[in-house]
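Q: Below is a structure I'd like to ask you about.
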Amino acid sequence: MIHPTAIIEPGAELGSGCEIHPYAIVKKGAVLGDRVVVHPFAVVGGDSQDLKFDPVIPSGVRVGAGTCIRESVTINRSTSANTFTEVGENCLLMAGSHVAHDCVVGRNVVVANAVLLAGHVHVGDHAILGGGGAYHQFVRVGEGVMVGGVARITLDLAPFTLVAERNGVFGLNIIGLRRRGVAREAIQELKDAYRAVYLTPGNIVEVAAAALAGNAYTTPEARRFLQFFANSKRGFARARSADLGENDGE
């Protein structure tokens, strides 16, 4: 369904079952998967706001199947030729949120109202970003992270953590892990890995690498948590919880 007042530019691609609501705009170069819903006044595929951006460059936005884009959301196209800003399948981008150029948003992600993602931000699968949060360019948000409202994020957020305020890590997102059906063994290993990384003195990259090199962690979730620390352009958010790893809702 495409409302008569919506604008679909030549060169945009829409999958089957898409719904484009009144006054929504889907720009050329945008590729929408099946059943994507775009609500009023959203703009998908608008030009990058990078001052160095050349609008002649052929680039675009890809949105995965089943994703819902609410009112006044903006998703900007990428800055390099023949590349895409990416939003995965079954995401919810709530009203007024912004996904800047060259971002990569994973699957089943919730981006709440007025969240601002700067350029080149990567968001892992199943992350939940609370309303009004602002994310610095090149930040990585690991899978399964839950971020509180009005957070200010300038550092990388390790997978499966609870984050709030300015780069504050306050334990593991245990409730989110259970809702996804993650095994008890994996959750216990994540707790151990969390303690190993945040309680051991020294360089956090080296500490995580040493923990990964041993045989203590065998579950995929714990190993992905530790592997996240292998590289970073922004540095890593640190734990603030007094009982590191125990602030998990149990």
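The values are calculated or read from the model by the stated rules, or taken from the named source; none is laboratory data. Predicted model, so just to flag it, every value in this text is computed and none were measured. We place every Cβ from the backbone using ideal geometry, glycine too, and count neighbours over all the protein chains shown. Surface areas here come from the heavy atoms of the whole protein model, side chains and all, with no ligands, DNA or RNA. Shrake-Rupley method; radii C 1.70, N 1.55, O 1.52, S 1.80 Å.
Q: Tell me, what is the 1.4 Å probe accessible area of H21, in Å² to the nearest 10?
A: Per-residue accessible area (H21): approximately 40 Å².
Q: Amide H to amide H, which residues 5 or more places from D156 or on other chains are under 5 Å from it, using H placed in the peptide plane?
A: Hits under the 5 Å cutoff: R140, R234, G235, F236, A237.
Q: Explain nothing, just compute: Karplus ³J(HN,Hα) = 6.51 cos²θ - 1.76 cosθ + 1.60, θ = phi - 60°, for every residue of region 204-217 in order, whole Hz, x for Gly and Pro.
A: Listing the rounded values in order: 5, 5, 5, 4, 5, 5, 5, 5, 5, 5, x, 9, 6, 10 Hz.
Q: Could you tell me which label, among [x] 58, 37, 31; [y] 60, 37, 36; [z] 51, 43, 34, carries the value of Cα extents along the principal axes in Å calculated for this structure?
A: Of the labelled values, this structure produces [x].
Q: Something else: Show that you can apply the helix-only estimate: for the chain, add -39,500 (n - 2.57) for every DSSP H stretch of four or more residues, divide by all residues, and state [θ] at 222 nm to the nearest 500.
A: Estimated from H runs of four or more residues: -4500 deg cm²/dmol.
Q: Further, regarding this structure: Any chance you could look up the accessible area of M1 with a 1.4 Å probe, heavy atoms only, rounded to 10 Å²?
A: We get 130 Å² for M1.
Q: Give me the compactness ratio for region 50-184, meaning the Cα radius of gyration over 2.2 N^0.38 Å.
A: Details: Rg = 14.5 Å, N = 135, 2.2 N^0.38 = 14.2 Å.
Dividing the Cα radius of gyration by 2.2 N^0.38 Å gives 1.02.
Q: I'd like the antiparallel share, as a percent to the nearest 5, of DSSP beta bridges with both residues in the chain. Write down the numbers at each step before the final one.
A: Values: 3 of 53 bridges.
Antiparallel bridges: around 5 percent, rounded to the nearest 5.
Q: In terms of solvent-accessible area of protein heavy atoms at a 1.4 angstrom probe, what is the ranking of Y23, Y198, highest value first?
A: Values: Y23 125, Y198 35 Å².
Listed by decreasing accessible area, they come as Y23, Y198.
Q: Moving on. Quick check for you: which residues of region 191-205 have the amide N under 12 Å from the point 7 Å beyond the Cα of R238 toward its beta carbon?
A: Inside the label zone: 198-204.
Q: Please compute the net charge surrounding C68, taking Lys and Arg as +1 and Asp and Glu as -1 over other residues with Cβ under 10 Å from its Cβ.
A: Values: positive: R35, R70; negative: E19.
Charge balance in the 10 Å sphere: +1.
Q: Also, I was wondering about something else. Looking at region 117-250, send over the antiparallel percent of its DSSP beta bridges, to the nearest 5.
A: The antiparallel fraction comes to roughly 20 percent.
Q: With equal scatterers on the alpha carbons only and no solvent term, can you work out the Debye log10 of I(q)/I(0) for region 121-239 at 0.15, 0.20, 0.23 1/Å?
A: These q points yield log10 I(q)/I(0) values of -0.60, -1.08, -1.39.
Q: Take the alpha carbon atoms of region 8-22, find their center, do the same for region 32-104, and report the distance between the two centers in whole angstrom.
A: 13 Å
Q: Within 13 Å, Cβ to Cβ, of G96, how many net charges do the neighbouring residues add up to if Lys/Arg are +1 and Asp/Glu are -1? Mind showing how you got there, number by number?
A: Details: positive: R70; negative: E71.
It works out to a net charge of 0.
Q: If Lys and Arg each add +1 and Asp and Glu each add -1, what is the summed charge of the other residues whose beta carbon sits under 12 Å from the beta carbon of A114?
A: Within the 12 Å Cβ shell, the charges total 0.
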